[in-house]
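The values are calculated or read from the model by the stated rules, or taken from the named source; none is laboratory data. What you see is a predicted model; the values in this text were computed from it and never measured. Using ideal geometry, Cβ is built from the backbone for each residue, glycine included, and neighbour counts are taken over all protein chains shown. Surface areas here come from the heavy atoms of the whole protein model, side chains and all, with no ligands, DNA or RNA. Shrake-Rupley method; radii C 1.70, N 1.55, O 1.52, S 1.80 Å.
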There are 2 protein chains.
Amino acid sequence: MNPEIIPNDGPSSTDTAAAGQKNIKMILKQLESDGIIGISVDCVIFGFDDNELKVLLIKSDFEKYENKWSLLGDLVNNHEDLDEAAYRILRERTGMDDVYLEQVKAFGEVNRHPAARVVTIAYCSLINIEHHQLKILDNELHWHRVTTLSDMAFDHRALLDACYAWLQKRIQEHPLGFSLLPKKFSLRELQNLYEAILDVKLDRRNFRKKFFSMGLLEDTGELETDVPHRPGKLYRFNYEKYQKKERKKWFGIDF
Amino acid sequence: MNPEIIPNDGPSSTDTAAAGQKNIKMILKQLESDGIIGISVDCVIFGFDDNELKVLLIKSDFEKYENKWSLLGDLVNNHEDLDEAAYRILRERTGMDDVYLEQVKAFGEVNRHPAARVVTIAYCSLINIEHHQLKILDNELHWHRVTTLSDMAFDHRALLDACYAWLQKRIQEHPLGFSLLPKKFSLRELQNLYEAILDVKLDRRNFRKKFFSMGLLEDTGELETDVPHRPGKLYRFNYEKYQKKERKKWFGIDF
DNA sequence: GCAAAAGTGTTGGAAATACACCCATGT
DNA sequence: ACATGGGTGTATTTCCAACACTTTTGC
């Protein structure tokens with residue numbers, strides 16, 4: 001075995017994505033020849049734009065998956081936690097640090113990766129597209145509609161499906177959605193978000209009633225601008241109040 | 001057959017648990033000296049007995065954790081899926097094959113294992129204690145109350161907590177609970193199960209109403225025996241009917 | 001003044017909760 | 001006969017779903 005080729009451990013890497021990809025291939029080759037299981041993290045990065053849920057993808061650079069879309073991932077460094085690896089990937093690719101991120105599921109099928117045995121941990125991340133417009137244009141990075149999407153590399157379709165299903169469920173029970181919106185948002189935007197993610201139509205009045213009754217939205221006193229109609233009020237989500245709220249452990253049996 | 005039970009196909013291994021444990025230490029030493037990340041699976045095996053939720057543990061054989069309780073786990077073989085590894089562990093330790101098993105979470109803190117860097121995938125498993133009474137007595141295997149439990153090896157306490165929280169939530173939305181009971185059970189047993197796992201008191205009449213209204217319990221026509229009071233009817237859970245039922249994707253926002 | 005979306009209450013039905021009595025069995 | 005838990009029905013409340021008109025702004 002060749003210890004030298006194991007990924008470095010230093011603090012935040014300054015490698016470009018392209019350089020990172022090059023290293024990966026060599027490392028994988030080495031892992032495979034040694035019969036070792038590699039560990040990677042893949043990030044399913046969701047954004048919300050134009051009233052649609054988008055996911056951030058890159059063109060795969062594996063021959064076998066030429067021209068297919070791939071999630072953003074990397075091998076886990078030897079001295080970095082899984083969460084740290086996921087945050088590193090986000091930082092390297094989007095330049096963003098204050099991001100919603102949560103582990104969803106491990107994928108470990110023996111042949112899921114053509115170059116070597118690699119177990120990957122899928123992370124789901126939510127970011128506000130507006131906030132990082134700039135960094136996208138390098139590489140082959142693109143926001144892609146979640147609904148109309150096929151031809152993904154590896155088993156990344158399965159990872160995406162798992163994260164999307166996870167998101168649909170999670171967003172109904174936890175206030176994740178606000179990570180996809182600007183800090184100040186109108187109720188219309190919020191409703192559009194829920195309708196897009198859950199693929200349902202909701203009654204506007206009941207939707208408002210629901211959110212106001214939770215008492216977690218703060219009126220900023222500001223209004224929408226640049227809309228060709230009556231502007232809506234802008235709200236802010238009150239995370240502190242949410243934290244303090246006591247959770248009920250009993251929801252009721254239903255299946 | 002319950003669709004949520006991941007099918008277990010592999011042929012049954014003939015390794016003994018003891019032999020497995022010996023190998024692990026040598027392999028870990030090798031991993032550490034090569035600076036390689038190992039990957040393991042740990043099973044949190046729940047059972048229900050004496051109206052209490054129990055978890056199956058073994059005495060740790062790592063010096064550092066002498067006399068502490070440890071989950072049942074093993075390194076993942078190079079040509080075995082993660083699910084397969086989990087089923088193998090269950091088979092080796094309990095002799096049971098038709099078991100509820102689901103992945104819960106990966107734990108990858110850098111220093112979670114003293115001997116080497118090991119990322120572990122926690123699986124939650126539910127088994128009917130009655131059905132495998134026999135195989136327990138070897139090793140240092142014991143059923144332990146979930147509530148009164150401390151001093152666990154590694155980060156196994158965190159794994160257990162994650163699986164227990166997962167179970168509490170999951171059992172309210174999916175019919176897992178029946179895996180912990182005999183095939184034929186009384187409503188009292190079922191209610192005791194829910195009360196124990198969720199740590200709540202439930203109204204007996206409303207509980208019955210709830211389950212009967214789901215229409216998934218089949219009256220077996222049989223009655224309890226050996227009870228010092230009026231015997232209750234025995235029911236069976238109808239998995240087929242449950243599968244066919246259409247799930248609603250919309251539950252309602254609530255947090 | 002017109003188009004477009006914001007904002008607002010009420011009502012009926014369904015589901016959850018609270019609650020008390022008789023019944024069947026073993027001892 | 002009595003102790004123990006099995007089995008059942010109803011009234012009340014709470015929550016959710018359906019539904020229409022007036023207001024504000026930009027053009």
**OP:** Throw me the Rg/Rh for the protein assembly as shown, computed over C-alpha atoms with Kirkwood Rh, two decimals.
**Re:** 0.98
Original post:
Going by the alpha-carbon gyration tensor, a ≥ b ≥ c the square roots of its eigenvalues, is chain B rounded (a/c under 1.5) or, if a/c is not under 1.5, prolate (a/b greater than b/c) versus oblate?
Top reply: prolate
Original post:
Using the eigenvalues of the Cα gyration tensor, what equivalent ellipsoid semi-axes result for segment B:182-244 when each is taken as the square root of five times the eigenvalue, whole Å, largest first?
Top reply: 19, 17, 11
Subject >> Area accessible to solvent at A:HIS79, 1.4 Å probe radius, in Å² >> reply: 110 Å²
**OP:** Report, to the nearest 10°, how far helix B:82-94 tilts away from the longest principal axis of the Cα atoms in chain B, using its own Cα long axis and a range of 0 to 90°.
**Re:** 80 degrees
**OP:** Return one number: the angle in degrees, 0 to 90 and rounded to the nearest 10, between the long axis of the Cα atoms of helix B:17-34 and the longest principal axis of the Cα atoms of chain B.
**Re:** 50 degrees
Subject >> Derived scalar couplings ³J(HN,Hα) [segment A:42-52; Karplus, 6.51 cos²θ - 1.76 cosθ + 1.60; whole Hz; x for Gly, Pro] >> reply: 10, 9, 9, 9, 9, x, 10, 8, 6, 6, 9
Original post:
In the protein assembly as shown, what cysteines have no partner Cβ closer than 4.7 Å?
Top reply: A:CYS43, B:CYS43
Subject >> Calculated [θ] (222 nm, deg cm²/dmol) that DSSP helices of n ≥ 4 give over chain B, each run adding -39,500 (n - 2.57) >> reply: -9500 deg cm²/dmol
Original post:
If you place +1 on the Cβ of every Lys and Arg and -1 on the Cβ of every Asp and Glu, how big does the dipole about the Cα centre of chain A come out, in debye to the nearest 20?
Top reply: 1260 debye
Original post:
Among all stretches of chain B without exposed trypsin sites (Lys or Arg not before Pro) (DSSP loop, at most 14 other Cβ atoms within 10 Å), which one is longest?
Top reply: B:1-182
Subject >> Listed residues A:SER60, A:SER33, A:SER70, most fluctuating in chain A (Gaussian network, C-alpha, under 10 Å) >> reply: A:SER33
Subject >> Largest-first ordering by accessible area, 1.4 Å probe, given options A:ASP83, A:ASP34 >> reply: A:ASP83, A:ASP34
Original post:
Given a cut-off of under 8 Å on Cα pairs at least six residues apart, what relative contact order in percent is computed for segment B:181-255?
Top reply: 32 percent
**OP:** Take the Cβ-Cβ distance between B:ILE27 and A:GLU218 as r, set R0 to 51 Å, and report the resulting FRET efficiency rounded to the nearest 0.05.
**Re:** 0.40
Original post:
Roughly how crowded by other chains is peptide A:31-37, in terms of the mean Cβ count from those chains within 10 Å of each of its Cβ atoms?
Top reply: 3
Subject >> Given charges at Cβ of Lys, Arg, Asp, Glu: segment A:181-244 dipole, positive-most of A:PRO228, A:PHE211, A:TYR239 >> reply: A:PHE211
Original post:
Taking the simple approach of a point 7 Å from Cα along Cα-to-Cβ for both A:ASP161 and B:ALA158, what is their distance in nm?
Top reply: 3.1 nm
Original post:
Given a 1.4 Å probe and the protein chains all in place, what does the accessible area of A:CYS163 round to, in Å² to the nearest 10?
Top reply: 0 Å²
Subject >> Highest-MSF residue in chain B out of B:PRO182, B:PRO114, B:PRO228 [GNM, Cα springs under 10 Å] >> reply: B:PRO228
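For the pair A:LYS184 and A:HIS229, what calculated FRET efficiency results from E = 1/(1 + (r/R0)^6), where r is the Cβ-Cβ distance and R0 = 22 Å, to the nearest 0.05?
0.75
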